[in-house]
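**Q** Take a look at this one; I'll ask things after.
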Number of protein chains: 2
Amino acid sequence: MNEYKLSDITTGMEESFDVTVTDKMMEAFREITGDTNPLHTDPKFAAESGNKDRVCYGLLTSSFLSTLAGVYLPGRYSLIRSVEVKFVKPVYPGDELTIKGTVTEVNTDFSFFDMKVEIRNAEGEKVLRGKMQVGVTDMA
Amino acid sequence: MNEYKLSDITTGMEESFDVTVTDKMMEAFREITGDTNPLHTDPKFAAESGNKDRVCYGLLTSSFLSTLAGVYLPGRYSLIRSVEVKFVKPVYPGDELTIKGTVTEVNTDFSFFDMKVEIRNAEGEKVLRGKMQVGVTDMA
């Protein structure tokens, strides 16, 4: 886990990591949320809207942004203030995703930074883009 | 599960439901994401920044918006296009949350609607506010 303090964060700084979306994650997310929508649980229903498999919950894909801030950038002293995401391509179970954040602005008066986020699949296609505002609880 | 089609959706329409955040949800979310940040796992660390307990992952609280769209509004024919959330008060394990969405605009040309979302705790305090754009895959 990174332990960047506010004074370590600079515009243009980047962090990224990879994850593979698994059936187990899909089931665990369904159990947490109770979202039993057939787009995410029924391959036949998903196929009717042109999908090759059940579609990964957009908010499951988004949940890796928690890890991006909480483990990588800034890591230990992270406090997420806001998140904005657009889902631009479907994600399927088995997809390997790369989650990446790039710092766009640092605010030392109010101890936060803004970052641009994007998630790509193994084909390099962007599946999610957005931004986050993240507070840093250690300013030293 | 509701099965609203685009033609059923009108501005001002509301849906809401309640959930209680459990330790089990916190653990399952940590397992899915790998977000081991101590704010969410270590009561002592959380207390150092003025919290009465481990803080619920903001993106776990947000994940109930998946259920709001996928089960309640519109339900079966939901396809979430974008989500914007601000975390305005901490959520703790054991908190009872009310998740509510209100339709603000319906776009029949491109088959989606916008909704304002808010999540409140049992004291009625708003813990999350934001908006979502949700496609409806059955326009009939």
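**Q** Using the 7 Å Cα-to-Cβ label point, sort the distances from B:Tyr92 to its equivalents in the other copies shortest first and give them in nm to one decimal.
**A** Copy-to-copy label distances at B:Tyr92, shortest first: 4.5 nm.
**Q** I'd like the orientation of helix B:23-33 relative to chain B: the angle between its Cα long axis and the longest Cα principal axis, in ° from 0 to 90, rounded to 10.
**A** 80
**Q** Same structure, new question: Treat every Asp and Glu Cβ in segment B:11-88 as -1 and every Lys and Arg Cβ as +1, leave all other atoms uncharged, and give the resulting dipole magnitude about the Cα centre to the nearest 20 debye.
**A** 120
**Q** Find, among the chymotrypsin sites (Phe, Trp or Tyr not before Pro) in segment B:35-140, those assigned to loop by DSSP (not H, G, I, E, B) with at most 16 other beta-carbon atoms within 10 angstrom.
**A** Details: sites: B:Phe45, B:Tyr57, B:Phe64, B:Tyr72, B:Tyr77, B:Phe87, B:Phe110, B:Phe112, B:Phe113; in loops: B:Tyr57, B:Tyr77, B:Phe110.
Filter output for segment B:35-140: B:Phe110.
**Q** Continuing with the same structure: So which of A:Lys52/A:Lys86; B:Lys24/B:Lys100; A:Lys89/B:Lys44; A:Lys5/A:Lys89 end up more than 32 Å apart, counting from Cα to Cα?
**A** Numbers: A:Lys52/A:Lys86 21 Å; B:Lys24/B:Lys100 23 Å; A:Lys89/B:Lys44 40 Å; A:Lys5/A:Lys89 34 Å.
Going by Cα-Cα distance, A:Lys89/B:Lys44; A:Lys5/A:Lys89 fall outside the 32 Å limit.
**Q** Expressed as a whole number of Å, what is the distance separating the alpha-carbon centroids of segment A:62-140 and segment B:51-104?
**A** Result: 18 Å between the Cα centres.
**Q** Same structure, new question: Please compute the contact order of chain A in relative form: average sequence separation of alpha-carbon pairs under 8 Å and at least six residues apart, divided by the residue count, as a percent. Display every interim value, and only then the final one.
**A** Details: 294 pairs, mean separation 45.8, N = 140.
Relative contact order of chain A: 33 percent.
**Q** Follow-up. Output the relative contact order of segment A:66-130, whole-number percent, from Cα pairs under 8 angstrom with separation of 6+ residues.
**A** Relative contact order for segment A:66-130 comes out at 32 percent.
**Q** Same structure, new question: Positive end of the charge dipole of segment A:1-109 (Lys, Arg +1 and Asp, Glu -1 on Cβ, about the Cα centre): tell me which of A:Gly34, A:Val83, A:Leu6 has its Cα farthest that way.
**A** Value: A:Gly34.
**Q** Which distances, in nm and shortest first, link the A:Thr22 label point to the same label point in every other copy, taking 7 Å along Cα→Cβ?
**A** Its label point is 2.1 nm from the equivalent points in the other copies.
**Q** Compute, for chain B, the length of the dipole vector about the Cα centre, with Cβ point charges of +1 (Lys, Arg) and -1 (Asp, Glu) only. Units Debye, rounded to 20. If you can, show how the numbers build up before the last one.
**A** Values: 16 positive and 22 negative charges, 47 e Å.
Here chain B has a charge dipole of around 220 debye.
**Q** Rounded to the nearest 500, what is the 222 nm mean residue ellipticity of the protein assembly as shown from helices alone, with -39500 (n - 2.57) per DSSP H run of 4+ residues and division by all residues?
**A** Details: 8 runs with 62 residues, N = 280.
About -6000 deg cm²/dmol.
**Q** Work out which GluC sites (Glu not before Pro) in chain A are exposed loop sites (DSSP not H, G, I, E or B, at most 13 other Cβ within 10 Å) and give the longest gap free of them.
**A** Values: sites that count: A:Glu123, A:Glu125.
Answer from the scan: A:1-122.
Just so you know, all these numbers are worked out from the coordinates, no wet-lab data involved. None of the values given here were measured: they were computed from a predicted structure. Cβ atoms come from the backbone with ideal geometry, glycine included; neighbour counts cover every protein chain shown.
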